[in-house]
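The values are calculated or read from the model by the stated rules, or taken from the named source; none is laboratory data. From a predicted model like this one, the values you see are computed outputs, not experimental measurements. FYI the Cβ positions are ideal-geometry reconstructions off the backbone, even for glycines, and counts take in every protein chain you see. Ligands, DNA and RNA are stripped out before the accessible areas are found, and what is left, the full protein with its side chains, is counted by its heavy atoms. Shrake-Rupley method; radii C 1.70, N 1.55, O 1.52, S 1.80 Å.
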Amino acid sequence: MTILELHKRFNTWNSARVFVRIVTQTDDRIVELNRDQLELGFNKKKQRLTLYASLRYALRKNAMNSKAGLWNPDLKLSGKFHEKINAKADETIIKIESSDSKSIHLEKKYGSDIFGLTDDRLNEYIREVFYPLLMQLLRQLLK
């Protein structure tokens, strides 16, 4: 391959489209990381969710999931809210949301930061999922 051919190939590269493609292919991993984070009782800023007001309810929830710790919500009772979490990308951002009917209520109570990844989890996603796929696409471009 000549320098001119390499230049032509790079001119066909659309980084925004590649970003959307990779996120779309790996949205299940993004969702899994957000669910895991919520099950531990944290939002994307690595802050604890607002504590339960009732000891009785806190004990009941702790018996269901002790990973979040006593008093700490995990936003999982029936599992439907967690099941309906999804991730989508446009050319500049990844948007995480839930299509469950409780989503509006939970977001109002706990804030919009329930959706999104902490810096640690985002870096994990980039390192283990996004970057390897990006490198694979670059290698295909350079063949």
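Taking the helices alone, the chain has a mean residue ellipticity at 222 nm of -15000 deg cm²/dmol, built from -39,500 (n - 2.57) per DSSP H run of at least 4 residues and averaged over all its residues. Summing Lys, Arg as +1 and Asp, Glu as -1, what charge do residues with Cβ under 9 Å from the Cβ of residue 103 carry, residue 103 excluded? Neighbour charge sum, excluding residue 103 itself: -1. Applying both filters, DSSP loop and at most 14 other Cβ atoms within 10 Å, to the trypsin sites (Lys or Arg not before Pro) of region 16-50 gives 45, 46. Using the Cβ of residue 66 as centre and a radius below 13 Å, the other residues enclosed give a net charge of +2, where K and R count +1 and D and E count -1. Across region 136-143, rounded Karplus estimates of 3J(HN,Hα) from the backbone phi angles (6.51 cos²θ - 1.76 cosθ + 1.60, θ = phi - 60°) give 4, 5, 5, 4, 5, 5, 8, 5 Hz, Gly and Pro being marked x. The base-10 log of I(q)/I(0) for the chain, evaluated at q = 0.18 Å⁻¹, reads -1.00 [Debye formula, identical scatterers on Cα atoms, solvent excluded]. Rg then Dmax, both in Å and based on the Cα atoms of region 1-61: 22.1, 71.
How high is the relative contact order of the chain, in percent, with contacts defined as C-alpha pairs under 8 Å that are six or more residues apart? Relative contact order of the chain: 30 percent. Carbon and sulfur atoms: what percent of the 1.4 Å accessible area of the chain do they account for? Carbon plus sulfur share of accessible area: 54 percent.
In the chain, taking the dipole from charged Cβ atoms about the Cα centre, the farthest positive-side position among 118, 71, 30 is held by 71. Relative to the dominant Cα principal axis of the chain, helix 15-25 is inclined by about 50°. Counting only alpha carbon atoms, the long axis of helix 55-64 and the longest principal axis of the chain meet at about 50°. For the listed residue pairs 46/80; 44/84; 46/108; 45/76; 45/95; 44/88, the alpha carbons are over 21 angstrom apart in 46/80.
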